Every structure is written in structure tokens, then in C-alpha cells.
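Engineer: Sharing a structure, written as C-alpha cells. Questions coming.
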Amino acid sequence: MPIERIRAGILTSIVLTSLLFALAGPLAAQRSRTATEKTAPKTAFNAATYDSAMLGEFAWRPIGPAVTSGRIVDLAIAEGPESRIGDRLGRLMYAAAASGGVWKSSNAGTTWEPIFDRQSTSSIGDIALAPSNPEIVWVGTGESNNQRSSSWGDGVYKSENGGRTWQQMGLRTSQHIGRIVVHPSNANVVFVAAVGPLWASGGERGLFKTTDGGKSWKNVLRVDEHTGATEVVMDPTDPNTVYAATFQRQRKAYSFVGGGPGSRIYKSIDGGESWTKLTEGLPTGDIGRIGLDISRSHPRTVYATMETKTAEIYRSDDYGASWRKTGTGTSFPWYMGQIRVDPRNPDRIYFLGISLQASDDGGKTMRNVMTSTHVDHHALWIDPTDPDHFVVGNDGGVYITHDRGETADFVTNLPIAQYYAIGLDLRQPFYYVYGGLQDNNSLAGPSQTRNRQGIINSDWYFTVGGDGFYSAVDPTDHNVVYSEYQNGGIIRYDVRTGEQKSIKPQPKFGQQDLRWNWSAPMLISPHDHKTLYFGANYLFRSPNRGDSWEPLGPDLTRQLDREKLPLMGKLWTKDAVARHAGVADYGNISTIDESPIRKGLLYVGTDDGLVQVSRDGGATWTRIAKFPGVPAQTYVSRVIASAHSEGTVYVTLDGHRSNDFKPYAFRSNDYGRTWTSITGNLPVNSSLQVIREHPRAASLLFAGNEIGAYYSGNGGRTWSRLQYNLPTVPVHDIQIHPRENDLVIGTHGRGVFIIDDITPLEKLAEAERSPLVHLFPVKVSTLFNYNGSFPGGLRGATSVGERSYSAPNPPFGSTLTYYVKDSLPRGRTLSLAIFDSTGKRVRELTANAKPGLHRATWDLRMAPAYVVPRAPADRQPNGAFVLPGRYAARLMVSAATGAEGVSMETPVVVNPDPLIPLSPAEYRELHLARVRAGQQQARVQAAVRSAESVKEMMGEAQAALKNGAGPDSLTKQAEAIEKEVDSVLVRIRGRQGPAANEVDDKKFDPSIQQRVNQVAGEIGDVTSPATQIQRETLELAMQDLEKEVARLNVLLSTRVPALNHGLDAAGVPWTVGRPVR
């Protein structure tokens, strides 16, 4: 039959699935768990007690960054047995992040996967492998580096399959684990150094031992309720000889003492049954943190580093019986405090301090190595077969060297950034996320990019160095960014020039120094973009972007003297070990807000438990010192003024600095005079860092605690965890983008995560009132083309190798969210389609009719003009982009017998690319050219397929004639038709196979298909009107195609039917294309 113009093909729908957003490893585990732990299906949700399991398609999208990596506290690298790991030491690696869980590499650090994401904590103290079986992995939870930001854990975990599954093995009240050592030949024998609670006395402290693989534990070395064990090492030639270091310390919000008489070195020669305190040659009096290591090549030699007034290094050459001081290192030992010995040279040591320091004479002289790495070193593994090869973990991640530290290779794909606070800008079309990281500067990076690779490391830039904290962006000019570093170091950053202007408030000459929070809060007034607030112990206001400041009122704290506050049941002298180390000056403002409704209605919270309220712009203040059920002086982690009711304010308090892990969240409707708890059903053992109110829905609240993010749709009466693919991780800040309505969280351990468009959470009540289905409003979409400006190919790792990092962009187009309230009545179907302003159907999408919330993404394209048979979905052609404009999404339930159908519509606005200045007429011209090119591609496809069909028929006819009886005239007809169709195919698609290179001249003579596809691709990938050459090329190709289609149609309508008639008349056996007789 003749070929007609093909105007439409199949409809392609794009359903948003969680796999687009998440790492494959965690989600694979989650899918497995869901399959085995599924409860009775839920057919409808109640907005008051929303089941977060219904949010399965509201997956979190991680955006990094990985360029900074984050704090690594330990490394475990398999060394044996050779029968299990082969002869490639350093291939199987585990890295423990301070608050980012455990990561595994099976290729020497090229790629990594998280393996601890679904446990109850992400804070890690130590990790160890069984020397006899590297599949046995022990993890001690709770970072042991005594930081102000250290999170706590809940004991030790064990995996017997390389981290695929885990079992909690006890010591739940230890809170912080310093070291784990596994017996070299008996994997059931394990020592655990439990440092014990950082913020209080008691708990499981000391050295614990199991002989049954963790089923039971014995506290084999205990000192007192203030002292735990921070280190344990085993003699490589005699596993019954064990050395342990104890550590007395305590931290509070107001102070820290990192030492005492309990800190000592002990030795056992009977596997921990009895212990001897080692004293000869060692310091007496109060001692701080101690690090230990034994020489593998000369086990008589043992090294220790310990804090007295400095970080001192001691050496014993008689198994610890006597010691001598050999030198000092540069360190904060309470935070680092470790030492390692070269496995072949007992005189070569490495001191893990601010820098990695090496000595070839046992510590007498020291030099810095790996000088291109980050500072603050916590972990070091040295290859026992090649001491020039070692792996380092520090505050900046993992580094690998093969030349003994002369050069370093940085692992750039560990997204374990520790955010304190985040901010958002309003740039178009994609907003940026700003924020400050623990010891890794303040950064800015895009929420999505135009790059097909997604968000990569080079998309991020620094706004200020040091430890980073709050960032705020001028809502009228994203080039003006306020960032800060420790001790109130606030700067104004110019994105265009990269200049940083210091704008820190200073006390007047002769006055007391200001007291700054470690993360001093800042706020741009919601009423004036030039007005900036900044908190010390006074609240400061600047009317001119920080160029001048004025204090608002008096000191707003309790003004307590921290020297008179006890630690470990006593007052300490100023010369106590590590006194106040890592502690901000106590009595400071920890959080600020101004009412979006009323200018000058100010709230501040303090680190000593006060909330202060001013209703007159800071002239006078009302002090609030008590909250129901909350201990006095509990740290105020966040105060938020409502955007819906002038007198409404929210506050969260964080008691973990007093070892109180309860969540405290309150709301006041009367400017703070009275308070109502909105803690609801939040976990009882996870303190709150942040609360946030949705700017358009008063009852929609979000909260972040030590293990994740939570949501309440009823003002805090009940809460649901927004987990799905979000790993267990502390959430320190939450923002809601005012334009995009995205939920953005800053985690302290895994970077930034986004749920794109939370409108459905905002509109849940409306959905519940709908009879069968509900279609939610859709945010505005932007039409643009992805680019490939970052070098790379089609594989996920790009051309820079597999150690690159990229975070996913959201699905391209307009994401539609709909709710199916219950199972549809029998015989009724659900459909979802896009219509233009004239009511013409533009695209059909696949709709999921199962009860619950669902998402589908329209890629802003028309249906493709044709379909490729038997090709997978990702190999099918795309339709042309639609024009910018207003469209409608329509969700329809078909009508049942005797009933009407149900239909809902929502507008879909498609904006033009703001970076491309095309007029509406130019857009229309481009759109018509794209549609026209697609139609010609469809005609080419139809012509090629029809010609191939004719060729197949002629092949079968000639074979039948050769094997049967038939006149030669029929054979000649078949040969002539085949020759003609071959000529048509050559003209349309060009020569195929080896014949493609058999060209006698060098004339430029591309086939029709090549010309059409080239033009379609060129104008489809660029938002620009077609060039003259492109228009002429397409026009000429269309003319040539008309000629070939005419030839082909003659064959189809005349010559092929005539041949088939002759074959039938001659009784030639049936061939394809002929009627079956």
C-alpha cells in the first residue's frame, strides 16, 4: 500500500521512580527490606496521622558536595588471609566517617559504597576486620575524637558478610568507641575500647572483651565512672599480650577537661585477665588522651603519644617496662592523639597531628609529610608489604600515597560533608545552596545544572575558609553572600569578583570581648534585604549590609561564669589538661529570627537556655528561662517566628550536651508567654537541631534530629519520618525554597539532600477531600537543553575515570503528583494526559492506579513521530519540545456504567530558557522546524521499513522460483524489483556494511536519512532558529525523499502486486506478502 505521511507515533510516558534519585546500594537493601517487612496494604491516608511509607515516590535527591569530603575517623584495610584477599593488599578498604557512616571500596579506593545507612546511628568511632576472615567487620559507633560536634552511638555492630547485613552486639551505653581489635586467628575473640559518654559520667566504660563473637562481654579493665578506654593494641607475635590506654575526660556546653589521673597505660600478658599499670619513665599527675602502637618488625618497641601540656612522644624498647621521652608533635591530642610505626623500621614513626608528621629517629626530629592534604589526621594504615604505600584519613577525607607521603592522591567521591547550616538563593533558573561545613569552609553549589552528568565537584565554589557555619544570600541579588567562620568571623562575599569583605562587629575599645557561638547565627531581615542581624552575647543589627553595626539591648545570656561550673563532679583549675579546649565562650546567642509578619518582632535563643523576645526592634526584651519539662540551661537549637500568626513562635532545645537526648519542641501562640509541647511521637533518644514551618501551610512542620528528617501535617501533634532513601544521618538545618517549594536539608555527615516540590505535602487536606483521585498543583517548568560541557561519554563515570563524582539532576520536565485515594471500582481506569491551550492532547503519560501518592514526569515534549520496533525505551526517538506557554495536565477516571467519569486538571506553565533571548516568533519557527524534521524522520523510517519488506519478499520469491516451477519472466521481474528497491534504499539510507566504503570518488553525498537525522539532531539540541544550511539541507532531503517514495510506491502499488499475481497463477509455493490460499 502507498506510504502516507506519518503524523504521530506511540506515546511515551516517563514515570518518576526512586532509582533516579538514590544510590543503588542503599535502595537495593531498602527494596529487599520492604519486601520482607511489608505490612497490610494501606488504601487511604489520613492527613493527621500520615504514614510516611506512602511517600515512597518522594525520594531524596543527594547533591553533594564530595569535593570537600569530610572527617574520616578510621580505616580498615584487609591484610589477609591471602586465600581470601589474594596478594593485592590495599584493595579491600573500609572508611569510617565521623557522622557519615561506613564506606567500602573493593578496588583500592577508586569507587565507594555506603554500607551502614540503615542502622540506628551514623556516628562511627572505629572499624576493624577479622585478620582471619575479612568478611567479618566490626563497627564501634560513636565518634571518639571528643569534638564539640561529635555525635554519640549505641554500641558495637558486627557483619559476617562484608557489610551487607549487620547485627547490634551490645555495649549500647558506651556512646563512644575508641578502638576494636580482633584476635589474629580466633575471630570470636575481640577487644573493644569503650571511651564512654562524652557529656556525662557513667555508662559502659573501659576495655571490654568477648570470646564468643559478641554474644557476651566482660569489662576486663575499668578505672572509674569518668574514665574509659581509648586505645588497645595487640602484640603481633603474641595475641595474649595486650596494651591499653585509658582516658579521663568530659565535655559540657560550657567547658571541656581532656585529662586527669585516670588516663594511663596498662599491659596484660594473659589476654586481658589481669593488668599492670605502666609507669616507669612516663609522666605522673594528670594526663590527657593517649595513643599507642607496636612495631611489627620489633615488637619489643612500643610507642605512646600522650597529652600533658604538649603532645609528647614516648618510646619503650622492653615491652613497656620502661619508657623515655623522644620528642613532641604538633597536635590537639584530645582531638587527634594517635601514632603509627613503620611495619619494617621500628625507628620510623608517624605522628597524627594537625599535619602528618614523620620521624626516622623515633621522634627526636619530626618533619611534615603529605603536605598537600587536609589537616587534622585521625587514621593511618601502612602497607606491611610496602611501607611506601599508606592511606590516611583526616578532616578532609581519604588520601593515598605510594611514595611515603611525598605526594598524595585525594579520594574525590566521598560525599560526607558535615553541614552546620544552609541557605538558598533565588537565581534563575536553578537556585544555589549555600552552607558551612565542619573544618571544610563554606560552599555554594547548584541545586541542579544544565550538565547531563548532573552536579559535579567543579560546580561548587568556596565563599570563605575555615570551619563554615551560617550562610545568607541577599534575596534581591544572589551576588551578595554572607558567610562566616569560627569565632564570629563574618564576611560579605561578592560572587562576581570572589572578594571577601570582613564585616565582623567589634567591641568598643576597652570593653569585654564578645562571646561568639561556634556557629554564630546570622539573619537577613525579611523586611529589608540590606538589614542584617548577627548574634554574639549581644544581638547586633546592621542597616547597611554589615558596613556598620549597633547592639540591640543588653547582654542577652545568663552571664554565668563557666569557671564556677563543675565537670566530673568538681571544679577544675585553669591548668587542667585541655581545659575549655574546643569550646566557644559560654553564654552566647545560638539562634535568631525576626517575624516575617511584623518588622522588629525579634527572637533569640542562647546556648545557656534562654529565649529572649523583643517587640520593639530590640529596644526592650522579655526573658524566657523555663520550658515545661526541660532542664535549665538547655541549649536552644532553633527559634522560628511563624509566617502565619504574629504571636506564634516555635522553639527547639537540644540537651545532648548534658547527656540528655530527649527531643524538646514547643509552640507559643502568645509571643512566648506560654508554651505547648509539639514533640508528639518524635524518637525519645534523638535531640532536635532544627524546626521549620512551611511558609504557606501553617500546620506543615519539619524537624531535624540526630537520625534524620521528620514531617508533621497537623502542627506537631504527630510526626512521620521522611526517610525512604535518606540514610541515617544528623539533620542540622532545613530550608524550604520559596519559589520552587523544594525541601532542602543540610546534614552533618552526608551533605545536602532535596525533595523536589513538596506541594503535595502542603495540599494533603485537599487531596483527602477528593472523591477518588486528586491532582496536585505543578510548579513552573523551564525549557532548556542539557549540555555535555563536562568531558565524558555515555558511561556513568565519564572520561576522568571512575573516581569522579556526580549527583543527579531532577528528572527533566514537569513532575506531576497525584493521589489515588482508594482502589478504583472494577471496570474503571485511570489516565493522565497533557493538553495545550486549545484543548488538543499533546502527550499521554502512564498513570499508576494503585492507592497512594504517585509521581510522573512529562519531559516537555510531544509524542514521538514514530517508534522503532523492538527497541528498548531508552533507544526510542524523542518528540519535539513543545512551545513555551500554558498547558494543562488532566487526571481522569473513566466512567462506569450508569455513572460519570471523574476528571481533575491543573495548569502546567512552561517557561522559555531565561538565558536565550528568543522571541515568541522565533520559538514558533524553531518548534515548527523540529516538528517538520521529526515528521521527515518518520517518513524516512517508514520508507526504509517498507523497502526492506519489499526486499525480503523478493528474496523469498526468487528462492521459491529457483526451487520450484515458474517461468523465467517471473524471476526477471523479481530481480528487477529487487534491484530497484536496492537503489531506493541506497538513496534513502546509504550503502550498508562493507559496501559503505566502496565509493569511487570523494564527493559529499550523504544519504537522505543522514541529512534528515543530522538536521533533526542539530536543531533539537540547540535553542536557536535553524540556520540557512540546515533549512536548505532539510528541504533538499525532503525533495529527494519524495522522489524515492514515489518510486517505492510504484513498486508497492503496481509492480509487486503484479508479480504476486503471476506467482499465484504459476502455482509457485507461498512467499511472504502474498495472500494465504
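The values are calculated or read from the model by the stated rules, or taken from the named source; none is laboratory data. None of the values given here were measured: they were computed from a predicted structure. Here Cβ is always computed from backbone atoms with ideal geometry, including for glycine, and neighbour counts include all displayed protein chains.
Engineer: Could you list all residues from region 1031-1047 that are surrounded by 20 or more Cβ atoms within 10 Å (Cβ to Cβ) and over 17 Å from residue 990 (Cα atoms)?
Structural biologist: Answer for region 1031-1047, where residues must be surrounded by 20 or more Cβ atoms within 10 Å (Cβ to Cβ) and over 17 Å from residue 990 (Cα atoms): there is none.
Engineer: Another one. Of all residues in region 599-645 being over 28 Å from residue 561 (Cβ atoms) and under 32 Å from the mean Cα position of the chain (by Cα), which is surrounded by the most Cβ atoms within 10 Å (Cβ to Cβ)?
Structural biologist: Result: 641.
Engineer: Take residue 632 and decide whether it is in a loop (DSSP other than H, G, I, E, B), of a type outside the set (Asp, Glu), in contact with a Pro (Cβ under 8 Å, 6 or more places away or on another chain) and under 30 Å from residue 196 (Cα atoms).
Structural biologist: Here the answer is no, as residue 632 does not meet what is asked.
Engineer: In region 194-208, how many are surrounded by 22 or more Cβ atoms within 10 Å (Cβ to Cβ) and either of a type in the set (A, V, I, L, M, F, W, C) or more than 21 Å from residue 147 (Cα to Cα) (or both)?
Structural biologist: Number satisfying all stated conditions: 5.
Engineer: Let me ask another. Test residue 265 against the criterion of being of a type in the set (Val, Ile, Thr) and either buried (at least 19 other Cβ atoms within 10 Å of the Cβ) or touching a Phe, Trp or Tyr at 6+ places or on another chain (Cβ under 8 Å) (or both), and give yes or no.
Structural biologist: yes
Engineer: Select from region 735-760 the residues that are free of Cβ contacts under 8 Å to residues at least 60 places away in the same chain and either outside any loop (DSSP other than H, G, I, E, B) or under 11 Å from the mean Cα position of the chain (by Cα) (or both) and list them in ascending order.
Structural biologist: Passing the criteria: 736, 743, 759.
Engineer: Okay, next question. Considering region 293-310 alone, what residues qualify as being modelled with pLDDT of 95 or more and closer than 21 Å to residue 581 by Cβ?
Structural biologist: Within region 293-310, 304, 305, 306, 307 meet the criteria.
Engineer: Which residues, counting only those in region 236-250, are in contact with a strand residue (DSSP E or B) (Cβ under 8 Å, 6 or more places away or on another chain) and either crowded, with 23+ Cβ neighbours inside 10 Å or closer than 18 Å to residue 209 by Cβ (or both)?
Structural biologist: 240, 241, 242, 243, 244, 245, 246, 247, 248, 249, 250
Engineer: May I ask you to verify whether residue 860 is more than 30 Å from residue 446 (Cα to Cα), in contact with a strand residue (DSSP E or B) (Cβ under 7 Å, 6 or more places away or on another chain) and at pLDDT 95 or above?
Structural biologist: Taking the combined requirement at face value, the residue does not satisfy it.
Engineer: Are any residues in region 162-181 surrounded by fewer than 19 Cβ atoms within 10 Å (Cβ to Cβ), of a type in the set (Val, Ile, Thr) and farther than 22 Å from residue 132 by Cα, and if so, which ones?
Structural biologist: Of everything in region 162-181, just one residue is surrounded by fewer than 19 Cβ atoms within 10 Å (Cβ to Cβ), of a type in the set (Val, Ile, Thr) and farther than 22 Å from residue 132 by Cα, namely 173.
Engineer: Among the candidates 203, 153, which residue alone is in a loop (DSSP other than H, G, I, E, B) and on the phi > 0 side of the Ramachandran plot?
Structural biologist: 203
Engineer: Also, quick follow-up: Can you give me the number of residues within region 498-549 that are of a type in the set (A, V, I, L, M) and at pLDDT below 95?
Structural biologist: 0
Each row is one residue, and each column tells you yes or no for (1) in a loop (DSSP other than H, G, I, E, B); (2) farther than 28 Å from residue 239 by Cβ; (3) at pLDDT 95 or above.
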| position | (1), (2), (3) |
| --- | --- |
| 109 | yes, yes, yes |
| 162 | yes, no, yes |
| 193 | no, no, yes |
| 197 | yes, yes, yes |
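Engineer: Restricting region 341-357 to residues that are crowded, with 24+ Cβ neighbours inside 10 Å and in contact with a His (Cβ under 7 Å, 6 or more places away or on another chain), which is farthest from residue 386 (Cα to Cα)?
Structural biologist: 353
Engineer: Being crowded, with 23+ Cβ neighbours inside 10 Å and not in a strand (DSSP E or B) is the filter here; which residues of region 118-146 pass it?
Structural biologist: Correct list: 121, 122, 123, 142, 143, 144, 145, 146.
Engineer: Could you check region 1049-1077 and list, in sequence order, the residues that are under 17 Å from residue 976 (Cβ atoms) and either basic (Lys, Arg) or under 56 Å from the mean Cα position of the chain (by Cα) (or both)?
Structural biologist: 1055
Engineer: Modelled with pLDDT under 95 and either assigned to a loop (DSSP other than H, G, I, E, B) or of a type in the set (Val, Ile, Thr) (or both): which single residue out of 574, 626 fits that description?
Structural biologist: On the way: 626 fails: modelled with pLDDT under 95.
Of 574, 626, the one residue that is modelled with pLDDT under 95 and either assigned to a loop (DSSP other than H, G, I, E, B) or of a type in the set (Val, Ile, Thr) (or both) is 574.
Engineer: Suppose we filter 908, 931, 867 for residues that are under 26 Å from residue 832 (Cβ atoms) and part of a loop (DSSP other than H, G, I, E, B); which single one remains?
Structural biologist: 867
Engineer: Moving on to the next point. Go through (1) within 19 Å of the chain's Cα centre (by Cα); (2) outside any loop (DSSP other than H, G, I, E, B); (3) under 25 Å from residue 428 (Cα atoms) for residue 692 and report which single condition fails.
Structural biologist: (1)
Engineer: For region 512-524, name all the residues that are in contact with a Gly (Cβ under 9 Å, 6 or more places away or on another chain) and assigned to a loop (DSSP other than H, G, I, E, B).
Structural biologist: Correct list: 514, 515, 516, 517, 518, 519, 520, 521.
Engineer: Looking at the structure I just gave you, is residue 665 in contact with a Leu (Cβ under 9 Å, 6 or more places away or on another chain), closer than 19 Å to residue 555 by Cβ and small (Gly, Ala, Ser)?
Structural biologist: No; evaluated as a whole, the condition is false for this residue.
Engineer: Being touching a residue at least 24 places away in the same chain (Cβ under 8 Å), in a loop (DSSP other than H, G, I, E, B) and farther than 21 Å from residue 558 by Cβ is the filter here; which residues of region 580-618 pass it? It would help to see each step written out before you state the result.
Structural biologist: At the first step, the residues of region 580-618 found to be touching a residue at least 24 places away in the same chain (Cβ under 8 Å) are 580-599, 601-615, 617-618.
When the remaining residues are screened for being in a loop (DSSP other than H, G, I, E, B), the result is 580-588, 595-599, 601, 607-610, 615, 617-618.
Across region 580-618, the qualifying residues are 581, 582, 595, 596, 597, 598, 599, 601, 615, 617.
Engineer: Look at residue 340 and say whether it is outside any loop (DSSP other than H, G, I, E, B), within 16 Å of residue 298 (Cα to Cα) and touching a Lys or Arg at 6+ places or on another chain (Cβ under 9 Å).
Structural biologist: Answer is no for this residue.
Engineer: Under 6 Å between Cβ atoms, at least 6 apart or on separate chains: pull out the pairs that start in region 324-340 with a residue that is closer than 14 Å to residue 258 by Cα and end on any residue that is polar (S, T, N, Q) and part of a loop (DSSP other than H, G, I, E, B).
Structural biologist: Correct list of pairs: 334/146; 335/145.
Engineer: Would you check if there is a residue in region 390-411 being under 25 Å from residue 468 (Cα atoms), outside any loop (DSSP other than H, G, I, E, B) and hydroxyl-bearing (Ser, Thr, Tyr)?
Structural biologist: Looking through region 390-411, at least one residue is under 25 Å from residue 468 (Cα atoms), outside any loop (DSSP other than H, G, I, E, B) and hydroxyl-bearing (Ser, Thr, Tyr).
Engineer: Can you tell me how many residues in region 347-372 are outside any strand (DSSP E or B) and closer than 23 Å to residue 89 by Cα? Talk me through it step by step, then tell me what you get.
Structural biologist: Here is the first cut: in region 347-372, the residues outside any strand (DSSP E or B) are 347-348, 353-355, 360-366, 370-372.
Those still in the list that are closer than 23 Å to residue 89 by Cα too: 348, 370.
Residues meeting the conditions: 2.
Engineer: While we're on this one: Got a number for residues in region 635-688 being polar (S, T, N, Q), in a loop (DSSP other than H, G, I, E, B) and on the phi < 0 side of the Ramachandran plot?
Structural biologist: 10
Engineer: Further, regarding this structure: Looking at region 791-819 only, could you name the residues that are at pLDDT 90 or above and of a type in the set (Lys, Arg)?
Structural biologist: none
Engineer: Considering region 679-718 alone, what residues qualify as being among the basic types (Lys, Arg) and in contact with a helix residue (DSSP H, G or I) (Cβ under 8 Å, 6 or more places away or on another chain)?
Structural biologist: Correct list: 696, 717.
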